Amino acid sequence: MSFERVAIDELALNLNPLQTGGRASAAARKAAFRFSDGYSVCDRCAGVLHDIAKPDIKCFAVELADFVGMDRVAVTMGAREGKFAIFHTLSEPGRGAVLDANAHYSTYVAAQRAGLEVFKSTNTGDPDFRVTPDSFAETLEYCKSKTGKPAAAALLTHVDGDYGNLNDAAGFSKICKDAGVPLILNCAYSAGRMPVDGRELGVDFMVGSGHKSFASCGPVGFMGANGEWAERLFRTSLTHPNKNIELLGCTARGANIVSFMAALPGVKERVKRWDAEVAKAVRFVEAMESLGEIRQMGEKPKRHDLIRFETPLFHHIAENNRKRGYFLHSALADRGITGLKPGQTRWFKMSTFGFTDDQVDYLIEAFKEIARM
Amino acid sequence: MDKTIAQRNKQRVEDTFRVLDLMEDVRDIWRDAAPLQNLSEEGRAALTKKIEKARKALDRIEASL
């Protein structure tokens, strides 16, 4: 059995947006190998994971809640587990969940698993693919007319994984409040990369991803609630009063949670540099589009590092290249660049997050060379 | 357990983690310099320092055997 990883970040620049924000910091990796044994955080556990003081998970949960502006948070195994827990808390037979048009598949699955009927809003289509507050309000109304009750929950993807569009969560929050529907903000691609404050945005619930955006080993993430919702989300078992129902008692309890804890100080620092990250993405887009026959899709100018390109330029080169559709992946690999799907030339997604300016320059030069092939 | 032995064992394990920690720092140097790994003067100096520290820790482990 081989454990060799396909993309080794010490050797190659990994452009996959899934990978860039979750590239574990040295602090996170050092913590992880100290806690690689299965139940390694449980030596001093008195029965509640989030009350463990050594390692200091109790303080971490408070610190994390403060960082993301939520009254209370708990560590989960990822954003999707948090979404399911929240949907499950709010679900009632015959009720619906309203989702934005750019929601991740795991949002649908989480709502469906919780027994909610899914109502999807629209987006503006090509070229921006933006989700508008109006379309969200219309979908909330449609859900109510179809089910006879307001939606049990609405979920807004703060930054989507297809286009990297950043939604104005505060605006959506107001619409949901007016409709009497609690709003979940999916921050898998935002919290940990950029400043996010749930209270300022007026959201009721929030989920985030440690392995996607907090420079942590996975699987790990968090869910949070504000105000009265916290009591409902973090309700405990009648038979086991110190065990949270939605957390199934305990969640992450090893290398994943301590790496998340160890990564947080560095994450707090890096979100202060968010403007520079966005500027890097904008600079990269300009350089790519200057090559011709390349178009950035989604909102412009970029307000996030996840970039989707439509790339007829590379598709045309592929038609005359002996490697056909695999030429782009191969040409990038030859230059120490990875993260694009093999065979993909018509379009691709990527991220510039965390790369140095020199590395971004290197990427631009590499794509320029490939464009001349 | 005899205190001397306990102290020796503790030191060995601490040194083991020290080496691992230093190597994680080295990984970051490679990551920041990927893919060409052309190190600046500062980068080279930092790397050399990490290696020296790791070597000392390894020497201590070996000497304790």
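Being open to solvent by less than 10 Å² (accessible area, probe 1.4 Å), touching a residue at least 12 places away in the same chain (Cβ under 8 Å) and within 17 Å of the chain's Cα centre (by Cα) is not true of A:Gly161. Being farther than 29 Å from B:Asn38 by Cβ and among the hydrophobic types (A, V, I, L, M, F, W, C): is that true of A:Met297 here? Against the criterion (farther than 29 Å from B:Asn38 by Cβ and among the hydrophobic types (A, V, I, L, M, F, W, C)), A:Met297 qualifies.
Let's see how each residue does on (1) hydroxyl-bearing (Ser, Thr, Tyr); (2) open to solvent by 20 Å² or more (accessible area, probe 1.4 Å); (3) away from chain B (no Cβ under 14 Å):
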| residue | (1), (2), (3) |
| --- | --- |
| A:Leu15 | no, no, no |
| A:Gln19 | no, yes, no |
| A:Gly47 | no, no, yes |
| A:Asp51 | no, yes, yes |
| A:Lys54 | no, yes, yes |
| A:Phe60 | no, no, yes |
| A:Arg95 | no, yes, yes |
| A:Glu117 | no, yes, yes |
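Matching residues to (1) within 11 Å of chain A (Cβ to nearest Cβ); (2) closer than 30 Å to A:Gly22 by Cβ:
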{"residue": "B:Met1", "(1), (2)": "no, no"}
{"residue": "B:Gln37", "(1), (2)": "yes, yes"}
{"residue": "B:Ala46", "(1), (2)": "no, yes"}
{"residue": "B:Ser64", "(1), (2)": "no, no"}
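Against the test of being buried (at least 24 other Cβ atoms within 10 Å of the Cβ), aliphatic (A, V, I, L, M), over 23 Å from A:Asp51 (Cα atoms) and at pLDDT 95 or above, the options A:Ala215, A:Ala225 yield a single qualifying residue, A:Ala215.
The residue that is surrounded by the most Cβ atoms within 10 Å (Cβ to Cβ), among those in segment A:239-263 that are more than 20 Å from A:Gly21 (Cβ to Cβ) and either β-branched (Val, Ile, Thr) or within 18 Å of the chain's Cα centre (by Cα) (or both), is A:Thr251. Filtering segment A:137-147 to residues that are open to solvent by less than 50 Å² (accessible area, probe 1.4 Å) and out of contact with any strand residue (DSSP E or B) (no Cβ under 7 Å at 6 or more places or on another chain) leaves only A:Ala137.
Okay, residues lined up against (1) surrounded by 11 or more Cβ atoms within 10 Å (Cβ to Cβ); (2) among the basic types (Lys, Arg):
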site: B:Leu36; (1), (2): yes, no
site: B:Gly43; (1), (2): yes, no
site: B:Lys49; (1), (2): yes, yes
site: B:Arg55; (1), (2): yes, yes
site: B:Leu65; (1), (2): no, no
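Just the residues that are in contact with a Lys or Arg (Cβ under 8 Å, 6 or more places away or on another chain) and either surrounded by fewer than 24 Cβ atoms within 10 Å (Cβ to Cβ) or more than 22 Å from A:Lys149 (Cβ to Cβ) (or both), please, taken from segment A:168-191. Hits for segment A:168-191 are A:Ala179, A:Asn186, A:Ala188, A:Tyr189.
The set of residues from segment A:318-353 being free of Cβ contacts under 8 Å to residues at least 40 places away in the same chain, open to solvent by 30 Å² or more (accessible area, probe 1.4 Å) and part of a helix (DSSP H, G or I) comprises A:Glu319, A:Arg324, A:Tyr326, A:His329, A:Asp334. The one condition from (1) open to solvent by less than 60 Å² (accessible area, probe 1.4 Å); (2) within 14 Å of chain B (Cβ to nearest Cβ); (3) touching a residue at least 40 places away in the same chain (Cβ under 8 Å); (4) part of a loop (DSSP other than H, G, I, E, B) that A:Asp9 does not meet is (3).
If the condition is being away from every other protein chain (no Cβ under 14 Å) and closer than 27 Å to A:Ala263 by Cβ, then segment B:11-35 contributes only B:Asp15. The C-beta contact set for segment A:264-277 (first residue open to solvent by 20 Å² or more (accessible area, probe 1.4 Å), second residue in a helix (DSSP H, G or I) and modelled with pLDDT of 95 or more, distance under 7 angstrom, 6+ apart or interchain) comprises A:Gly266/A:Ala27; A:Lys268/A:Phe67.
The values are calculated or read from the model by the stated rules, or taken from the named source; none is laboratory data. It should be emphasised that the depicted structure is a prediction, and the values quoted were computed from it without experimental measurement. Note that each Cβ is placed from the backbone with ideal geometry, even for glycine, and that neighbours are counted across all protein chains shown. Heavy atoms of the whole protein, side chains included, go into the accessibility calculation; ligands, DNA and RNA do not. Shrake-Rupley method; radii C 1.70, N 1.55, O 1.52, S 1.80 Å.
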